Amino acid sequence: MSDIYVLVHGAWHTGADLEQVATVMRGAGHTVYCPTLAGNRPSDDRANAGLEDAIASAIEYIEERDLKDIRLVGHSYGGMVISGVVDRVPQRIRRLVYLNAFVPHDGESAMDMVPSYYAGVFEEQAALQRNSVMLPFDVWRDCYMNDGDLALAESCYKRLNPHPYRTFTDKITLRRPLHEIPVGRSYVNCQQDITMPHSMPWHPRLSERLGLYRLVECPGGHETLFSNPKRLAQALLEAGRD
């Protein structure tokens, strides 16, 4: 049976970064879309792009193609976006899949869910870079690409683009808690993801906010989409199935 997946990228990324994963999923017979969110397109104004712009761009992408019964996947920051999408157009979503991703409460921002040292670094960068932020390479290498070799880390780092700071600090508006929305919910936890400290883990700290949900775990770090796209595709299919 062919299912429809929409893969929503994380910060510093574009939809193209998920194409290796999407190719494997398409090979299994599924239809997979990889949009690039407002704020991460080459010509976007990163100084002013906010979270609502990103959410609206995802909804526009879905509605333009009249997509329904979607398995909507959000990676990292993409969890903020898919939470806004399902709040606005729940009738189009069959299942939410959070991939080491933020699961917000109403009135919460991504910065509210990260350690203070991240918030401090990003605030300093935003002040110097017209309200955009980039990951320093040493943070990328040690925390995000800890499961890949140096050559892969360097080549993938070159793909990253400055990210609009406002999308991290804007507080999301949700009409009801995510666990009350009548769609399926899954969380994929890559077990070697160390972007969050052990005292503030993605899972179960954020995953449990989904209420009743399906947990799928697989080996890999935060950027398994680069280091092992085949294995990540398998995990997403396990998470998205009926």
**Message:** Going Cα to Cα from LYS68, which aspartates and glutamates come in below 16 Å? Please leave out same-chain ones fewer than 8 positions away.
**Reply:** ASP3, GLU60, ASP87, ASP242
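For each of ILE59, ILE93, count neighbouring Cβ atoms within 10 Å of the residue's Cβ, then give the residues from fewest to most. Before the final figure, lay out each step's value.
Working: ILE59 16, ILE93 24.
In order of increasing Cβ crowding within 10 Å: ILE59, ILE93.
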**Request:** Could you work out the Rg to Rh ratio of the range 1-133, with Rh taken as the Kirkwood radius (inverse of the mean 1/r over all Cα pairs)?
**Result:** 0.98
**Prompt:** Along the charge dipole of the range 139-242, which of ASN146, TYR157, PRO177 sits closest to the positive end, that is, farthest toward it, with unit charges on the beta carbon of Lys, Arg, Asp and Glu (+1, +1, -1, -1)?
**Reply:** PRO177
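Sorted by packing (mean other beta-carbon atoms within 10 Å per residue), highest first, where do 48-58, 6-16 land? Could you put the intermediate results ahead of the total?
Working: 48-58: 20.5, 6-16: 23.2.
Per-residue mean Cβ counts within 10 Å order the peptides as 6-16, 48-58.
Quick check on the chain: what are the equivalent-ellipsoid semi-axes from the Cα gyration tensor, as sqrt(5λ), descending, whole Å? Mind showing how you got there, number by number?
Details: eigenvalues 117, 86, 65 Å².
Each semi-axis is the square root of five times an eigenvalue, giving 24, 21, 18 Å.
Rounded to the nearest 500 deg cm²/dmol, what is the calculated helix-only ellipticity per residue at 222 nm for the chain, with -39500 (n - 2.57) per DSSP H run of length n ≥ 4?
Values: 8 runs with 75 residues, N = 242.
It lands at -9000 deg cm²/dmol.
If you put +1 on each Lys and Arg Cβ and -1 on each Asp and Glu Cβ, how big is the dipole of the range 1-104 around its Cα centre, in Debye rounded to 20?
Details: 10 positive and 13 negative charges, 72 e Å.
The calculated dipole for the range 1-104 is roughly 340 debye.
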**Prompt:** How large is the charge dipole for the chain, taken about the Cα centre, if only the Cβ atoms of Lys, Arg (+1) and Asp, Glu (-1) carry charge, to the nearest 20 debye?
**Reply:** 520
**Message:** For LYS230, give me every one of the lysines with a C-alpha distance below 17 angstrom, ignoring sequence neighbours fewer than eight places off in its own chain.
**Reply:** none
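Classify the range 121-239 from the C-alpha gyration tensor, please: rounded if a/c falls under 1.5, else prolate or oblate depending on whether a/b exceeds b/c. Write out the running numbers ahead of the final one.
Numbers: a/c = 2.12, a/b = 1.19, b/c = 1.79.
Oblate, since a/c reaches 1.5 and b/c is not below a/b.
Rounded to the nearest 5, what is the percent of antiparallel bridges among the DSSP beta bridges in the chain?
Details: 2 of 26 bridges.
In the chain, DSSP labels about 10 percent of beta bridges as antiparallel.
Could you list ARG185, ARG130 in order of exposure, starting from the residue whose Cβ has the fewest other Cβ atoms within 10 Å?
Values: ARG185 21, ARG130 13.
Taking fewest neighbouring Cβ atoms as first place, the list is ARG130, ARG185.
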**Prompt:** Which of the peptides 114-126, 61-73 is most tightly packed, and how do the rest follow, going by the mean number of other Cβ atoms within 10 Å of each residue?
**Reply:** 61-73, 114-126
**Message:** Between GLN192 and ARG65, what's the calculated FRET efficiency when r is the beta-carbon distance and R0 is 35 Å? Round to 0.05.
**Reply:** 0.50
**Message:** For MET1, project a label point 7 Å along Cα to C-beta. Then give me every residue of the range 227-242 with its amide nitrogen under 13 Å of that point.
**Reply:** 240-242
**Prompt:** What does the charge dipole of the range 2-53 about its Cα centre add up to, to the nearest 20 debye, if the Cβ of each Lys and Arg holds +1 and the Cβ of each Asp and Glu holds -1?
**Reply:** 160
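We did not get these values from a lab; they are worked out from the coordinates using the rules stated. Values in this document were obtained by computation on a predicted structure and should not be read as measured data. Counting neighbours? That spans all protein chains shown, and the Cβs are built from the backbone with ideal geometry, glycine included.
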